[in-house]
Amino acid sequence: MKIHFYIRYYTRPGESLHVTGNIEELGDGDYKNAFALEWLDSQYWHGVLQVDPTHVTKIRYKYIFKNVNGEMLPDGCRDRVIDISKTGIEEIQLTDTWNHSGEFENVFYTDPFRKVLLRDHHGKVKAKSPKKFTHIFRVKAPLLKKNETIFLLGNAEATGNWNLDAPLLLAQENEWWTIKLNMPKEAFPLFYKYGVYNTDQKKVVEYEAGENRLLQNEPSLKKLSIVHDGFVRIPNNTWKGAGVSIPVFSLRSKDSFGVGEFCDLKLLADWAKKTKLRLIQLLPVNDTISTNTWKDSYPYSSISAFALHPIYLNLEEVAGKHDAHIIKPLRKKQKQLNDLVEVDYEEVLKLKLSTARELFELQKEKFITDEDFMLFFKENKHWLVPYAAFSYLRDRNGTANFRKWKLYSDYNKAAIEKYVSPRAKHYDNIAFNYYLQYHLHKQLKGAVDYAHKLGIIIKGDIPIGVNPDSVETWMSPELFNMHMQSGAPPDDFAVKGQNWQFPTYNWAKMAEDNFEWWHKRFAHMAKYFDAFRIDHILGFFRIWNIPDDHIEGIMGYFSPALPVHVYEFAQRGMWFNYHRFCKPFITDAVLWEMFGPNKDKFLPFISAVGNHHYLLHEEFSTQKKVAEHFSALEDSIDNRRIREGLFDLISNVILFEVKDSNGQQFHFRISMENTSSFKHLDWNTQQMLKGMYNDYFYVRQEEFWRKEAMKKLPSLKLSTNMLICGEDLGMVPRVVPEVMSQLGILSLEIQRMPKDINQEFFHPANAPYLSVVTPSTHDMSTIRSWWEENRQITQDFFNKELAQWGDAPETCEAWINKAIIIQHLYSPAMWSIFQLQDMLGMDPVIRRENHESERINVPAVSNYYWRYRMHIPLEQLLKENEFNEELKKYVEASGR
């Protein structure tokens with residue numbers, strides 16, 4: 001059988017189009033072996049393929065655009081499928097329309113819309129297929145209303161002669177609206193259009209916009225033509241939704257145990273349904289147990305990219321009626337923990353694990369042979385077995401740092417398989433982790449399924465990194481740069497930057513198997529979540545790299561990045577002084593400027609080298625060495641100040657030398673102009689360095705970083721059908737919005753964090769459609785707290801953004817909070833998502849009295865205790881009818 005591919009696409013010299021698919025002739029999905037098309041004319045690319053229909057029944061294919069740089073970008077259509085098993089013909093002609101991944105409509109074919117938000121969202125039409133047909137027309141229209149379907153009319157008798165009284169109705173086959181027509185030769189060239197028809201009112205609603213469509217090919221007895229016409233040209237940005245954001249641990253119910261649990265999501269879904277919210281957004285829910293202390297409350301420091309955190313387990317559901325007697329004696333303790341204002345992480349986790357172990361001992365014989373568990377084990381074995389072994393070895397050795405383990409410090413799959421054998425003496429300790437993960441899976445899946453029935457989707461969060469002492473780094477250290485730490489450059493929230501202490505990814509190694517680790521991670525996440533937020537999506541362009549011998553984020557640099565070469569200084573007429581630019585600049589004047597009369601306290605750590613200049617002693621030459629020195633001393637205020645002062649001296653440099661470059665390549669230190677080293681240079685040198693600094697950060701890297709992102713993100717996006725949202729905050733390269741728009745990834749827009757440096761605030765009314773708008777995130781203060789942080793900023797916001805006269809109130813009164821929420825609801829953005837605290841702030845009665853205790857995280861504090869809990873139980877929130885009705889009214893009025 002011959003298959004003719006025709007694709008409408010305008011190209012420039014050096015660009016080309018290819019076809020990939022599920023058969024060998026199309027490369028079996030491997031882009032490198034894709035079938036190359038040939039340029040036909042200014043509108044079409046064309047290719048002919050010979051296929052044996054006895055060897056394959058269905059062909060699933062996708063087009064790929066290859067630019068002049070060799071980058072291959074797939075189109076956004078996932079479901080072009082042709083069935084060649086029953087055609088009885090010799091040729092198939094495919095006439096296709098390129099699907100740009102950034103088209104708004106593609107979002108509506110992701111799982112949350114297909115399976116939950118837009119299910120049964122249109123009229124039903126039975127297919128009326130003629131016995132003989134020469135053409136199949138297919139088109140997509142995701143945003144039809146109830147009782148609406150698609151029709152086709154054209155200038156030929158076979159297409160209705162433009163008669164609106166008798167439009168040809170299409171029937172839905174999977175994602176495509178389809179009609180089969182028997183077209184005579186005289187019908188061509190065919191001019192036609194699609195439109196919307198109401199099956200209940202039996203009338204045409206509208207024609208699609210734009211010029212008539214044109215099809216020029218003539219039919220043949222031995223040829224079938226299939227036309228994929230892309231999307232019907234009707235408004236594509238009319239759907240909008242609202243959601244609530246809250247960590248699971250922050251939920252509070254009468255049945256929970258001092259912390260929010262997966263089962264509490266059902267109550268939250270009930271409330272969301274009542275207030276017309278369509279989405280619940282969560283923080284990461286992976287296991288973070290590393291030290292068994294409150295420091296493990298940090299939800300982004302996972303010890304497994306797959307395992308769920310045991311703290312979210314509902315013990316009562318695990319016990320069931322048969323073992324309820326284990327739970328009853330805990331009621332008093334449960335009430336004590338639930339009455340606390342915040343989460344007592346250590347106490348809750350200790351109690352849950354010990355009780356779960358007691359239940360396991362009672363249930364283990366039946367559990368191990370349970371068919372449902374065995375299926376769960378089979379589907380998750382690839383991560384579950386290493387995780388269980390890691391967890392047991394962590395507890396046995398008293399540390400998650402596997403490098404300190406006496407045995408199995410180096411992961412060996414065969415050895416671990418033997419170690420977890422049911423015949424092993426310690427098998428119960430291994431199986432206990434299976435038990436925990438199985439029940440966590442059941443409870444989270446049950447809550448998600450419940451939410452889906454109510455028409456509500458769940459949005460998860462993928463952390464940019466993993467704990468350095470994790471299952472992933474133990475199993476596959478080659479996938480990570482273990483000598484580096486990821487973080488973020490300085491900003492208004494963390495003036496010295498952030499050090500997340502996660503190893504950075506070895507992207508080159510990950511690319512060798514086409515990012516299989518990421519594909520598995522996405523596939524696993526899709527079991528529970530409909531959408532997800534990519535934490536720090538900028539990391540897919542470049543990551544903030546901090547060498548492991550330093551502590552503060554300010555000692556980092558972007559990686560990968562094009563360094564500055566030593567000859568560039570000479571090109572600008574500048575003498576390159578390695579010691580002056582690359583070593584900490586310490587003089588008597590600098591010491592006085594930084595420490596005043598306390599400068600002598602730093603003399604024991606430095607050596608004089610003449611002319612009032614100093615060098616740090618080798619044992620204090622890095623921040624890590626300084627930290628180790630002071631960790632052995634008394635934790636006094638004076639010692640802390642000296643330690644921080646030494647950190648500042650170490651960071652008082654202008655350039656970082658690239659490792660192994662022999663003094664030839666360098667990265668600029670971020671915020672160079674704020675250093676004493678820079679301020680003590682002559683004016684002329686300062687100006688030349690400024691020019692090089694600006695070129696380094698804002699010019700030379702842009703195209704390089706775009707290419708880096710395009711090596712990863714298109715492939716990763718194709719591996720999942722979840723809705724993808726990017727957290728694109730911070731120091732954002734200009735290419736980031738372009739790439740996210742090209743791939744159809746939703747951006748994050750925050751009112752008090754404008755991406756335009758010339759604006760003081762971002763107005764929600766200016767948000768792009770493919771975006772999420774929010775007044776605050778978990779890393780920020782709530783609306784009410786922010787209102788009191790800076791009087792001048794608040795006053796500007798009050799007058800300019802809220803368009804109010806006079807002086808701004810000292811505190812964020814309920815009406816102000818409400819006005820900000822409403823402002824976001826009326827944004828053109830697809831999603832308006834609010835922290836629960838900000839929603840409750842609308843009501844003067846039910847809002848929390850102390851708003852300062854509502855903050856979830858402070859990024860500037862490296863070891864922050866994540867313990868916020870909502871101040872009223874969900875059961876009470878469901879009964880706050882006046883507030884719920886008011887919120888519902890605002891959501892509905894905004895068209896969400």
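Here are some notes:
- Among residues of region 773-788, those that are under 20 Å from L802 (Cα atoms) and in contact (Cβ under 8 Å) with a residue 60 or more places away in the chain, counted: 8
- For region 740-757, the candidate set comprises residues that are hydrophobic (A, V, I, L, M, F, W, C) and open to solvent by 10 Å² or more (accessible area, probe 1.4 Å); within that set, the residue that is modelled with the lowest pLDDT is I757.
- For first residues located in region 746-757 and small (G, A, S), partners that are open to solvent by 40 Å² or more (accessible area, probe 1.4 Å) and not in a strand (DSSP E or B) and lie 6+ apart or on another chain with Cβ distances below 9 Å form the pairs S747/P737; S747/S741; S747/K755; S747/P768.
- Test for F367: is it within 20 Å of G446 (Cβ to Cβ), aromatic (F, W, Y) and modelled with pLDDT of 95 or more: no
- Qualifying residue in region 531-544 (condition: open to solvent by 40 Å² or more (accessible area, probe 1.4 Å) and not basic (K, R)): no
- Strands (runs of 3 or more DSSP E) (entirely within region 195-293) containing at least 1 residues that are under 22 Å from the mean Cα position of the chain (by Cα): 241-245, 279-281
- Subset tally (residues that are over 14 Å from I457 (Cα atoms) and buried (at least 20 other Cβ atoms within 10 Å of the Cβ)) for region 269-298: 12
Yes/no per residue for (1) under 21 Å from the mean Cα position of the chain (by Cα); (2) surrounded by fewer than 18 Cβ atoms within 10 Å (Cβ to Cβ); (3) in a loop (DSSP other than H, G, I, E, B):
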residue: P714; (1), (2), (3): yes, no, no
residue: D728; (1), (2), (3): yes, no, yes
residue: M731; (1), (2), (3): yes, yes, yes
residue: E738; (1), (2), (3): yes, yes, no
residue: Q759; (1), (2), (3): no, yes, yes
residue: V772; (1), (2), (3): yes, no, no
residue: E789; (1), (2), (3): no, yes, yes
residue: I793; (1), (2), (3): no, yes, no
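- Criterion (among the acidic types (D, E), without any contact (Cβ under 8 Å) to a residue 60 or more places away in the chain and in contact with a Phe, Trp or Tyr (Cβ under 6 Å, 6 or more places away or on another chain)) met by exactly one of E358, E365, E346, E371: E346
- Search result, residues across region 172-192 that are open to solvent by less than 30 Å² (accessible area, probe 1.4 Å), of a type outside the set (F, W, Y) and in contact with a strand residue (DSSP E or B) (Cβ under 6 Å, 6 or more places away or on another chain): T178, I179, L181, M183, L190
- Close Cβ contacts (under 6 Å, 6 or more residues apart or on different chains) running from residues in region 811-823 that are more than 11 Å from M839 (Cβ to Cβ) to residues that are open to solvent by 10 Å² or more (accessible area, probe 1.4 Å) and hydrophobic (A, V, I, L, M, F, W, C) comprise A819/L802.
- Subset of region 35-52 (residues that are touching a strand residue (DSSP E or B) at 6+ places or on another chain (Cβ under 7 Å) and over 17 Å from D96 (Cα atoms)): Q50, V51
- Matching residues, region 52-92, being among the charged types (D, E, K, R) and closer than 22 Å to V107 by Cβ: R60, K62, D75, R78, D79, R80
- Subset tally (residues that are in a loop (DSSP other than H, G, I, E, B), over 38 Å from the mean Cα position of the chain (by Cα) and either among the basic types (K, R) or crowded, with 18+ Cβ neighbours inside 10 Å (or both)) for region 667-692: 1
- Contact map, region 176-193: residues that are within 12 Å of G160 (Cα to Cα) and touching a residue at least 40 places away in the same chain (Cβ under 8 Å) paired with residues that are among the small types (G, A, S) and part of a helix (DSSP H, G or I), Cβ distance under 6 Å, separation 6+ or inter-chain. Pairs shown: L181/A158; M183/A158.
- Failed condition for K418, given (1) open to solvent by 90 Å² or more (accessible area, probe 1.4 Å); (2) under 31 Å from the mean Cα position of the chain (by Cα): (2)
- Residue in region 15-28 that is open to solvent by less than 40 Å² (accessible area, probe 1.4 Å), closer than 23 Å to L215 by Cα and without any contact (Cβ under 8 Å) to a residue 40 or more places away in the chain present: no
- A Cβ distance below 8 Å, combined with a sequence gap of six or more or placement on separate chains, defines the contacts here; from region 49-63, residues that are closer than 16 Å to Q93 by Cα reach residues that are assigned to a strand (DSSP E or B) and at pLDDT below 90 in the pairs K58/D83.
- The conditions of being within 30 Å of I833 (Cβ to Cβ), assigned to a helix (DSSP H, G or I), at pLDDT 95 or above and open to solvent by less than 20 Å² (accessible area, probe 1.4 Å) are not met by A431.
- S776 vs. criteria surrounded by 15 or more Cβ atoms within 10 Å (Cβ to Cβ) and closer than 25 Å to W866 by Cβ: yes
- Test result for D807, under 30 Å from K711 (Cβ atoms) and either open to solvent by less than 20 Å² (accessible area, probe 1.4 Å) or of a type in the set (D, E) (or both): no
- Here no helices (runs of 4 or more DSSP H) wholly within region 303-386 include at least 2 residues being closer than 20 Å to L265 by Cα, of a type in the set (A, V, I, L, M, F, W, C) and touching a strand residue (DSSP E or B) at 6+ places or on another chain (Cβ under 6 Å).
The values are calculated or read from the model by the stated rules, or taken from the named source; none is laboratory data. Keep in mind it's a predicted model, so treat the numbers as computed, not measured. As a convention, Cβ positions derive from the backbone with ideal geometry for all residues, glycine included, and neighbour counts pool all protein chains shown. Surface areas here come from the heavy atoms of the whole protein model, side chains and all, with no ligands, DNA or RNA. Shrake-Rupley method; radii C 1.70, N 1.55, O 1.52, S 1.80 Å.
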